[in-house]
Amino acid sequence: MEGEKMDTEGKVETEKMNKAIAMAYDVQSKIVEDLTGDHFHVGFYDSSSVIPGSDVHSAQTRMIEAGLRFASVSEDPSKKPRNILDVGCGIGGSTRYLASKYGSQCKGITLSPVEAERARVLTSAQGLESQQVSFEVADALNQPFADGSFDLIWCIECADHISDKTKFVHELNRVAAPGATIILLTWCHRDLSPLEQDLHPDEKKLLSQLESSIRIKWISAADYINLFKSCSLEIKYADWSPHVAPYYAEMRKITLSWKGIMAYVRHAGWRQLSIRALMMPSVFEKFKTGLFKYCILTCQKPQ
């Protein structure tokens, strides 16, 4: 009975969290679309990228391409992915990009009905037939797909919000076909040293504050690696924090421009402007100290 009670409480807490995340993204996605377009994720910058005044949307596109290259997704037409899943698709920017790039069947899932409907509208406007690109309101922990449905799974900045990372990784593995590639781009906290049992109290306090304000559930890259290995998946990993640092400087400029201020006021109000536009960019700059990391983890499921 005690176990059943804990399971019920866990389900209630998950449903409560999912509802809160969906409501937050109902609003946030409208703001982001006004400011940068249909990609709702960070951009990728390298030594050849023009940083001052650069186009954020182009940097976001570079992030997709960089992720595909890192995962060694084949450009060979005979080996390209045929069925793609975008987990936490937002308004479908990555989904449409991947569908256009590979000519593949692509599905996107999001917790937000508002995002899913907007994704469908944008997809129709871009002439991508519904048979090729489709969107569903679904939980990443309970995906409405059969085992082995996809040969490429793309997940960018969705895992951040998921509390049950173990179930999440196992669900990705379940819907991945033999030989499939999984690409996960996510925020992590720093790895512990061999002599540490836990993060420092001040670090835990800051992470706790971020969990409550932006609903991020933190684990380390090492934790993710162990979870994927528990599914017999070999992991390729990199810390891309230096490649995303310029993104926040650019977004601060955009957010504090007249266009940015009006977007926040129109969709969320002055209070959200102060919380999101002023406080969060400065907090995320602290990842330069090493407490936060922006990581890519990819793997190929055995045949």
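The values are calculated or read from the model by the stated rules, or taken from the named source; none is laboratory data. Everything quoted here is computed from the prediction, not taken from an experiment. We place every Cβ from the backbone using ideal geometry, glycine too, and count neighbours over all the protein chains shown. To get the accessible areas, we keep the full protein, side chains included, count just its heavy atoms, and leave off ligands, DNA and RNA. Shrake-Rupley method; radii C 1.70, N 1.55, O 1.52, S 1.80 Å.
What the phi angles of the stretch 291-303 give under the Karplus curve with 6.51, -1.76 and 1.60, with θ = phi - 60°, is a coupling list of 5, 9, 9, 9, 10, 10, 10, 10, 7, 10, 5, x, 5 Hz, glycine and proline written as x. Take the Cα of Glu75, step 7 Å toward its Cβ, do the same at Gln303, and the gap between the two points is 2.4 nm.
Sorting Glu136, Glu157 by accessible area (1.4 Å probe), largest first, what list results? Spell out each step's value before the answer.
Numbers: Glu136 60, Glu157 35 Å².
Of Glu136, Glu157, the descending order of accessible area is Glu136, Glu157.
Between His57 and Ala222, what is the FRET efficiency for a Förster distance of 30 Å, r being their Cβ-Cβ separation, to the nearest 0.05? Given R0 = 30 Å and the Cβ-Cβ separation, E is 0.35.
Within the assembled protein chains, the solvent-accessible surface assigned to Trp187 is about 10 Å², based on a 1.4 Å probe. Counting 0.36 nm for each residue step from Asp34 to Ser163 and taking away their Cα separation leaves a gain of 43.5 nm. Legend: residues Met262, Met23, Met251, Met63, sorted from most to least accessible area (1.4 Å probe; ligands, DNA and RNA excluded), read Met23, Met262, Met251, Met63. When the surface is traced with a 1.4 Å probe over the full set of protein chains, Thr123 keeps roughly 10 Å² accessible.
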